[in-house]
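Down below is the structure, laid out as structure tokens.
Bear in mind these aren't lab numbers, they're just calculated from the coordinates by the rules spelled out. Predicted, not measured: the structure shown is a model, and the values here were computed from it. No Cβ is skipped: glycine too gets one built from the backbone with ideal geometry, and neighbour counts run over all protein chains shown.
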Amino acid sequence: MSERNLILFVCTANVCRSPMAQKLFTHALRAERPPLNSLLVVSAGISAYGGDAASPNSHRVLESVGLNLADHLSQRLTQDLIDRSFAIFCMTSMHKLLVETQFNNTCPHVHLMREFMPDGVDKEISDPYGQDRAAYEAIRDSMVEAIPSLLKFLRQQYTTPAAAKK
């Protein structure tokens with residue numbers, strides 16, 4: 001098996017939450033030291049059609065923090081993506097359950113994006129699709145809040161590229 005160097009974000013249609021998480025986390029990884037800064041970050045949807053652009057509000061709220069989703073095209077979650085992933089971060093408990101039950105779970109780590117947040121903090125990232133910009137901003141901010149905990153987790157678990165092989 002090839003090196004597991006993917007970090008995968010999963011939501012439903014891959015047009016709102018997971019594309020935003022992908023861009024935000026890619027940006028955060030740029031400031032990290034090797035080997036973390038060489039990880040590839042991708043996103044996919046449990047029910048994605050494939051080829052859809054990110055939602056307009058997703059574009060807007062990321063542009064407001066200097067990131068761009070113009071090149072995003074949705075993709076459906078596949079076994080190949082799972083097999084190449086070191087970690088999968090899901091938006092909701094239902095996404096995590098579907099990953100664990102509908103696919104051969106060959107990924108070493110399947111978690112909620114906010115799973116490593118302190119007790120008492122909402123671990124779910126709800127779907128903002130069809131809501132106003134403020135809802136998208138709240139979702140973006142909840143992702144940004146989770147990123148330090150994900151980086152800490154990866155610093156502990158992904159110590160060398162060889163560690164990501166299975």
If we keep only residues of the range 52-75 that are within 10 Å of Asn14 (Cβ to Cβ) and of a type in the set (Gly, Ala, Ser), then the residue surrounded by the fewest Cβ atoms within 10 Å (Cβ to Cβ) is Ser74
Kindly provide the set of residues from the range 84-124 that are of a type in the set (Val, Ile, Thr), in a helix (DSSP H, G or I) and touching a residue at least 12 places away in the same chain (Cβ under 8 Å), ordered by number. Val99
Looking at the structure I just gave you, is Val10 touching a residue at least 24 places away in the same chain (Cβ under 8 Å) and in a strand (DSSP E or B)? yes
Go through (1) touching a Leu at 6+ places or on another chain (Cβ under 7 Å); (2) closer than 18 Å to Asn5 by Cβ; (3) part of a helix (DSSP H, G or I) one by one and return the number of the condition Ser58 breaks. (2)
Qualifying residue in the range 30-40 (condition: surrounded by 15 or more Cβ atoms within 10 Å (Cβ to Cβ) and under 26 Å from Ala135 (Cβ atoms)): no
